[in-house]
Amino acid sequence: MGSMRIHHLSLANFRNYTRLELDFSTPLTLLQGDNAQGKTNLLEAIYVLATSRTPHAVAEREMVNWLALEESFPYARLVADVERAGRRQRLEIVVAPQNGEGGNGPTFRKQVKINGVARRALDLVGLLPVVLFLPEDIELVSGAPAVRRRYLNVALCQIDAAYCRALAEYNRVLTRRSALLRHLRERGGNQDQMRFWDERLVMYGSTLLARRQEAISALEGEAQTRQRALTQGREHLRLRYLPGIDLAPDRPEEEVLPMLEAARIEALFGEELRAGREKELAAGTCLYGPHRDDLRFLIGGRDLRLYGSRGQQRTVALAMKLAEMAVMTQALGEPPLLLLDDMMSELDARRRAALLSTLNGVPQAICTATDWSDFDEGFRARARCLRVVEGRIEEAERSA
Amino acid sequence: MSTQVLPGPVIKLIEAFSGLPGIGPKTASRLAFYLLRAPQEQALNLAEALQDLKARTVLCARCFNIAETSPCAICQDETRDASILCVVEEPLDVVAIERTREFRGHYHVLHGAISPVEGIGPEDLKIDALLERVRREPVREVLLATNANLEGESTASYVAHLLKASGIRVTRLARGLPVGGDVEYADEITLSRALEGRREI
Ligand SMILES: [Zn+2]
C-alpha cells in the first residue's frame, strides 16, 4: 500500500511516439519489440520525467519527434501520474523552442510542471525515484570519468535534495568561474574577482565531495556482496574514490582515503585553490573540484578499466547497478522503480538470476526484451505483456 | 508571406523591431502591420517618443542614473541623506526602490553586473566612479542592492572588498528578495522588508 509507483504515462511527439497513453496497472510490465520500435524510448521517457535528463545527456531537440520538428510549433510533451507515500502527483515536461517561434534551428528548452504548476527541473528529481539498467552500463567501468560521475549524480540527486541543489549551484558557479579564468588569462584584470567564485566553488563543491565520499563507501559494501555472489565468492571488489582535489595531501598515494568532515574538506579545497592559482590562470579553466572526480574499480589490486576483461567489466557494472538499487532503497525506505532495458540477452545464467531476484523484490518494474524467451514463463505469467511496434503499444497474447 | 514583396519602409521597421530583445520575426511583423493600420497620430507619437529617448535624456554625471538633467533630480534634492549610497545595477532598480518610499539616501547606478560569461568585467561598469565618489563625498554607508543572482552577488562581493579599505560601512540588501530575483521585479513589500533588514558585509 502506498508504495512508490507510476500509474500512467502520456507522450506526445516524444522520439518515435506521436501519441501514447499507457496505464501501468500491474507491478511487472514486460515490453517486447524488435530493434528501433520504441522500447528504449519508452523507458527513456520515464527516466527523463524522473531525473529531468536523458540517460545519454543528448540535446533537448533530439527528444522531439522528427516529424513534429517540421511543424510550425514543434514540441514534445511527457506526463506521468505517479504516487509516493500515498500522494499522487502529476509530473510534466514540455520540450519546445525557447522563444516560442519556429524559425531555423531554434534552441529547445525543457519546461517542468508539477501538478500543473511551473517548477524548476531540480524540483522534479526525487518525486519518482528510478534505477535504469542499460546494456551500455558496462561503460560505467570501461568508459570515461564523466560516466562514473553521472552514475553518482543520478543516484544521489534522487535520494538527497540538498545534494541535487548543491550540484546545480556548483555547475552554475563552475561555468562562471571558468569564464572568469579565461577572461583573466586573455584580457587580464583584477584577480580579487576570484575571491567570490572561490568561496562558492568550495562551498558547493565540498558538499558534493563529502556526500560522494560517504556514498562510495556505502556502494562499495553493497557492490562487494553482489560481486561475490556473481563470481561464486571468487572476486573481492574494491572501489577507490579519486577526488578532484587532494583530500590527503600529507599521505602517500596508495593509502585509503580517510573519511573527512565537510569542514575539513572545505579547508583542503580552499588551500588547493590558493596553491593552484597560477596553474588555473594559465589554463583559463577550473582545474580543481568534484567535476574532476573519478572512481576506480579494483580486483586483486588490478584496475578493471584498464586490465579487466569484457566479461569482468560487465559483471562489475551489474554489481554497481545492483548496489545503486540497494543504496537508494535504504535511503528511500522502499525500492525505486526499476527500469530494465534489454538486459537479459547480454547476461549469462548467473547474472540473469541475480537480476531476476532483484526484479522480484521490487513493487514495480518495467522491462524490455527483443525475445519473449529472455524472460522465463513464470515471469511472463506474472507480468503484463505488451508489444511495441513502430511507436505504438498493444497487448500481447500470453502464449506469444 | 515573403518579405521581398513588401515596401522598403515596412521591411525596415520589421528589421528594427526584430533587433529588440525578446522579439522574433513574427512579432516584429505583427507590430509593423499594426502600426501601418493605426492612426497617423499613434505612429507619430511613437516616433517622437523614440527620438526624445535619446535626444532628451542624459546620464547623471554623479549617480549615472538616466535623467533629463545632470545632476539629476535625486542628486539635486537637498532633503535627501547624502551619507548613504544605494548601489544598483540598472536605472529601473532606482524606480523600484523609490516606489517603496523607504529609502531617502542617494543612488549609484553601475549599469550592469560583473558577468564573466558575457565578458563583462569591473572596468565595464561604473565601479571606479563609485570609489571616486566615496572618496570625495561625505558617504558613511554604502548599501549594495545588486540582484540576488550569482552575477549580482559576485558584483556586491567585489565592490564590498574594494570599499573595505576605506573604512566605510558596507551593507547588503537582506535576502528578502526571492533567490535569483531581480530588484526591478520585486514587489514593494518584499523590497521594503529587504531595505529594513539590510546587513553588514
Ligand atoms: Zn544623479
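Just so it is clear, none of the values below were taken in a lab; they were calculated from the coordinates. Just so it is clear, the model here is predicted, and its values are computed rather than measured. Because the Cβ atoms are built from the backbone with ideal geometry, glycine has one as well, and the counts that use them run over all protein chains shown.
Need the list of aspartates and glutamates near B:Lys126 for cross-linking: C-alpha distance under 14 angstrom, and skip anything on the same chain fewer than eight residues off.
B:Lys126 reaches B:Glu89, B:Glu90.
Kindly work out what percent of the DSSP beta bridges joining two residues of chain B are antiparallel, to the nearest 5.
Here the antiparallel bridges make up roughly 30 percent for chain B.
Translational diffusion coefficient of segment B:1-156 at 25 °C, 0.890 mPa s, Stokes-Einstein with Kirkwood Rh over Cα pairs, in µm²/s as a whole number.
Rounded to a whole number, D works out at 133 µm²/s.
How much of the calculated P(r) for the protein assembly as shown lies past 37 Å, in percent of all Cα pairs?
Tail of the P(r) past 37 Å holds 50 percent of the pairs.
For segment A:146-202, what mean projected area does the convex hull of the alpha carbons give, in nm²?
Its Cα hull, projected and averaged over all orientations, spans 4.5 nm².
Just the number: Rg to Rh for segment A:19-100, Cα atoms, Kirkwood Rh, two decimals.
Result for segment A:19-100 is an Rg/Rh of 0.98.
Just to confirm my understanding: which cysteines in chain A have no other cysteine beta carbon less than 4.7 Å from their beta carbon?
By the Cβ distance rule, which asks for a partner under 4.7 Å, the isolated cysteines are A:Cys286, A:Cys367, A:Cys385.
Could you tell me the relative contact order of chain A? Use alpha-carbon pairs under 8 Å, at least six residues apart, and round to a whole percent.
The value is 24 percent.
Relative contact order of chain B, please, whole-number percent, based on alpha carbon pairs below 8 angstrom and at least 6 residues apart.
15 percent
Nearest 500 deg cm²/dmol is fine: what mean residue ellipticity at 222 nm does chain A get from its DSSP H runs of n ≥ 4 alone, each adding -39,500 (n - 2.57), divided by its residue count?
For chain A, the value works out to -13500 deg cm²/dmol.
Given axes a ≥ b ≥ c from the Cα gyration tensor, I'd like to know whether segment A:1-159 is rounded (a/c under 1.5), prolate (a/b larger than b/c) or oblate.
Since a/c stays below 1.5, the shape of segment A:1-159 is classed as rounded.
When a footprinting reagent is the concern and you count Cβ atoms within 10 Å, what order do A:Trp372, A:Trp197 take, fewest first?
In order of increasing Cβ crowding within 10 Å: A:Trp372, A:Trp197.
Give the lysines whose C-alpha is closer than 21 Å to that of B:Lys12, dropping any in the same chain fewer than 8 places away, or say none.
Candidates past the 8-residue exclusion: B:Lys26, B:Lys54.
Taking a ≥ b ≥ c as the square roots of the eigenvalues of the Cα gyration tensor of segment B:3-55, is the shape rounded (a/c under 1.5), prolate (a/b larger than b/c) or oblate?
oblate
Cut-off is 10 Å between beta-carbons; in what order do A:Asp303, A:Asp123 appear when sorted fewest neighbours first?
A:Asp303, A:Asp123
Nothing charged except the Cβ atoms of Lys and Arg (+1) and of Asp and Glu (-1): what's the magnitude of the dipole of segment A:143-307 about its Cα centre? Round to the nearest 20 debye.
640 debye
First check a/c for segment A:25-73, with a ≥ b ≥ c the square roots of the eigenvalues of its C-alpha gyration tensor; if it is under 1.5, answer rounded, and if not, answer prolate when a/b is larger than b/c or oblate otherwise.
Prolate, since a/c reaches 1.5 and a/b exceeds b/c.
Just rank A:Asp160, A:Asp341, B:Asp81, fewest to most, by other beta-carbon atoms within 10 angstrom.
B:Asp81, A:Asp160, A:Asp341
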